[in-house]
Structure formats: C-alpha cells, structure tokens
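Just below is one structure, and these are the notes that go with it.
The values are calculated or read from the model by the stated rules, or taken from the named source; none is laboratory data. What you are looking at is a predicted structure, and each value in this text was computed from that prediction instead of being measured. Note: ideal-geometry Cβ built from the backbone for every residue, glycine included; neighbour counts use all protein chains shown. SASA here: full protein model, heavy atoms, side chains in, ligands and nucleic acids out. Shrake-Rupley method; radii C 1.70, N 1.55, O 1.52, S 1.80 Å.
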Amino acid sequence: MTNDDNKNENDRKYDIVIYGATGDAGMAIVSYMSKHYNNTNIKWAIAGRSEEKLKCLINNIDIIVASADDDASLQNMAKSTKLVLSTVGPYGVLGEPTLKACMECDTHYVDITGELDWVSAMERKYKNTTSILCSFAGYDCIPFELSTYMATKALNCETLTNVECVVSLEGMSAPAPRGTIRTVISKLSQAHLFGYSLIEFGGKDMKDKLRTLLSLLVWLLPWYSTNAGSVFTMPHFMGWCNIPVVRRSFNISGLVQDRMVLPGGRKWYTGYGLLYVVIIYQFLLFFFLPLYAVLAISCILYPSFNDKILQLFDSCVYRARTFFTDDQLLNNAKTNVTTFVTSSDKKKAIVKFVCQGDPGIVCTALLAAETALAIVLDLKHPNKITGFTTPAKVCGDTLIQRLNTASNGCSITVEVVEEEDDNKKIK
C-alpha cells in the first residue's frame, strides 16, 4: 500500500462499521462492541437497511443506512471507514456488492461466511486489490484454524501429518441464526455443486483435493477418538467448512478431522458415546437424509421451488436471539475446542480454545469483532497480506494476543508433548 493509501486510511471517520447490525449475528456483535469498546479510542458505527431499526438497537452510536441493492449507499459506507465487518447473508446472494464497494474504496473487509463456493467465486473474479478481504471470521472457522496456526508455530514445523479437532459444548445454546438457515435453504438448488466446491477449496492440486475428499468422507462417519478420551465422537456440525479451510491454510499430509463429543458422551451409561451414534445415525439415515434428498432434487430440477421455500421461511418471524438473551448465552454456556496436531518429527501440539458462551451467537460475535480489530491494529505492518485471506493468515499473532488478554472470557493455549505420551488426552 502506498503512502497515499495510508493517508487515506487515516482520514477515515471510523475504524470499523458493522454492516447488517440488525440481524442475529449483527446484533450480537453490536452488543459485544458496546460492552467492551464504548468510550475507547476505537471509532465504530453500525449500518443496515432500516434506519428505524438501527436507532432502536443502540444509543450514542453513529448510524449509516446502506443496502445491498443500493451501490451508492454501499460506496458511502465503505468510504467512511477503514474496515467493514459484514454479517449480511446469504453471501452468495447479498455479499458481492459489499465486497466490491470495499475494494473500489480501498476499504478492508471481514465477514463471517462459511460459503466456500462463494469465496472461491469471488477469488476467481477479483484478483487484484489493495484491500484485505478476510472471510470465515466467526465460529467457522477461527477456533480450528487459529488453533492449527498456533500449533504449527509451537512445533516449528511446516509439514503436519494429522490434525484432529474435538469440540465439546457446555450449557445452553441458541438455535441456528436466521442468516445461517437462509444460507442452507438458498443452497438447495446448488447441492450437487456445493459438495464439489468443498473439495476444490481444500487444495490446489489433485493430491490435496483427494486428501480433502478423504477427510470429508471420514468426517461423515462415527469416529472412536483416543484423543478425546477414548470415546465415540460425532461429526462436528461445522466440519464441512472447517476441514477444507484448514487443509488449504496448512501443509497437512494426512487426515484432518473435526469431531464433536455430545453432552454425556464420556459417561459409561451412554456406552462412551456409542448410544448417541446409534440413535443419531438412525435419525440421519432414515429421516433427515431422505428429506434433504427430496428437497434438494426438487430444487435442482425446479429452481423456483427453492425460491418458494426461502419466501416461506422469510414469512416466519424467526430470530435465534428471541430464545435466549445474550447474557444467558454468555453466563450459561461454554465452547471448548481442543486441537491435536502431529508433526512429521513425531511431536504433538495440543491447543485448547475456550470461549465463555455459545458458538453460534456469543462466540461468533466475539471472534468477528476481535478479528476486525486485530486487522485494523495491524494495518501499519509493513508486510501485511492483502487480497482474499483468512483470520489466522492475516492477523494470527495479534488475534491470539487479543483473545488471551481481553476480558472477554476467551483463551487459547498450546502445549507440545511427545507423540507417544498417551496421557495427553481430554479429561
């Protein structure tokens, strides 16, 4: 970036604008920012389509009216800030105008998408930019990717043999955010292409793509994990996104696994998780997968049917945040992510990521906000990455430092042990 570009950045009115502030994720980010960064030297504002809703959201914070179908409003928003944190999805439908406005205005961009197909399409379309364009800045995929980044540095090894992430959730958890459900519905007519996009995202050559495919196929199956404490584990619900991102970010010769231990999964009366495996896989095989197949095939053959389903969902008054308050999700839930990374020289790094709060609302809000702040604070770095990137790549060290020092109930730590030390498991 040139000196003129730096001067332009310094002249911006805001450090961060939260775009889509009235959605489930957007409101959670606004709540987090207001608790931790009001009355600080961080200058931030909120943006969205409805001025009335924005005014009802929070007091004493500047408001910007902007909409994905109004290019001029997006340009005005982008010109006012160093970075736009966008929560407006589905990104495959609504994301590109915001991304384009940021690039045209030399504004940096962060989002919380897990839509790998959309990110790939944007990478192919927009190759040259001076803006930082950082996706996957929420629960998907920061805990897994940042943990692997931390392990790689601790092991001081460029080639990893195997990576296994084990997730354990405690307490209450909000249902899926509205935007996430809209994204899943919008992908029904592209289901036959979406699976291939995951494999393609995971590697540049055929060998990497095959490794990604194998990791995804194994992820779909039940897994007896010695790392997790010799219990049966389920596929982590974000594994389809985390696995390709981690494979792409690091040089991994073996399997990448993203597993989940359900509540009570380490107890003898559940057969150490085996009972869950039997019940849940019967539900998946005999109900969920047939239903999904019927809907997907119908939407592929008749795309207008996909639009009808989306319209039906939009007519419902559904908000994930109506079930629990942010304080309830913060005080009565905890997200635990332990990542086991093995290097080619037979050493193992164990990274423990802990976040007070549920993954979909509180954890995502914290991670998205802190990623945006880490990027803004790193802008003066002489060797900063521009273009399409991920949180660990663009601001990994700064983000780790912020997560460990901020009074937000989040921490990430690493320990290196010999691979043969079988005592290093999750208790």
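Looking across the stretch 216-233 at every residue that is among the small types (Gly, Ala, Ser) and open to solvent by 10 Å² or more (accessible area, probe 1.4 Å), the one that is modelled with the highest pLDDT is identified as SER230. Taking the stretch 1-21 as the range and being of a type in the set (Asp, Glu) and either modelled with pLDDT under 65 or crowded, with 16+ Cβ neighbours inside 10 Å (or both) as the test, the residues that pass are ASP4, ASP5, GLU9, ASP15.
For the stretch 193-207: of the residues being in contact (Cβ under 8 Å) with a residue 60 or more places away in the chain and among the aromatic types (Phe, Trp, Tyr), which is farthest from ASP24 (Cα to Cα)? The residue in question is PHE201. Of all residues in the stretch 281-289, one or more are open to solvent by less than 90 Å² (accessible area, probe 1.4 Å) and either without any contact (Cβ under 8 Å) to a residue 12 or more places away in the chain or not in a helix (DSSP H, G or I) (or both). Within the stretch 234-253, does at least one residue satisfy the condition of being under 30 Å from GLY20 (Cα atoms), touching a residue at least 24 places away in the same chain (Cβ under 8 Å) and open to solvent by 40 Å² or more (accessible area, probe 1.4 Å)? Yes.
Of the strands (runs of 3 or more DSSP E) contained entirely in the stretch 182-277, those carrying at least 2 residues that are of a type outside the set (Phe, Trp, Tyr) fall at 231-235, 256-261. Just to be sure before I move on: is PHE144 crowded, with 24+ Cβ neighbours inside 10 Å and on the phi > 0 side of the Ramachandran plot in the structure I sent? Judged against the criteria, PHE144 is not a match.
The set of residues from the stretch 259-279 being among the charged types (D, E, K, R) and crowded, with 20+ Cβ neighbours inside 10 Å comprises just one member, ARG259. Whether any residue in the stretch 22-35 is open to solvent by less than 10 Å² (accessible area, probe 1.4 Å), part of a helix (DSSP H, G or I) and out of contact with any helix residue (DSSP H, G or I) (no Cβ under 8 Å at 6 or more places or on another chain) is what I want to check. Yes - at least one qualifying residue is present in the stretch 22-35. Would it be correct to say that LEU198 is surrounded by 18 or more Cβ atoms within 10 Å (Cβ to Cβ), under 23 Å from ARG247 (Cα atoms) and modelled with pLDDT of 95 or more? No, not satisfied. With respect to ALA66, is the statement that it is more than 20 Å from ALA365 (Cα to Cα), touching a helix residue (DSSP H, G or I) at 6+ places or on another chain (Cβ under 7 Å), at pLDDT 95 or above and of a type in the set (Gly, Ala, Ser) true? Judged against the criteria, ALA66 is a match.
A search for C-beta distances below 6 Å between a residue of the stretch 167-192 that is closer than 30 Å to PHE340 by Cα and open to solvent by 40 Å² or more (accessible area, probe 1.4 Å) and any residue that is in a loop (DSSP other than H, G, I, E, B) and modelled with pLDDT of 85 or more, counting only pairs 6+ apart in sequence or on different chains, returns SER173/ASP358.
To keep it simple, each residue is scored yes or no on (1) farther than 30 Å from ARG266 by Cβ; (2) open to solvent by 70 Å² or more (accessible area, probe 1.4 Å); (3) modelled with pLDDT of 95 or more.
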| position | (1), (2), (3) |
| --- | --- |
| ALA368 | yes, no, yes |
| LEU377 | yes, yes, no |
| HIS381 | yes, yes, no |
| ARG402 | yes, no, no |
| THR405 | yes, yes, no |
| GLU419 | no, no, no |
| ASN423 | no, yes, no |
| ILE426 | no, no, no |
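Restricting the stretch 76-117 to residues that are among the β-branched types (Val, Ile, Thr) and open to solvent by 10 Å² or more (accessible area, probe 1.4 Å) leaves a set whose member that is nearest to LEU193 (Cα to Cα) is VAL93.
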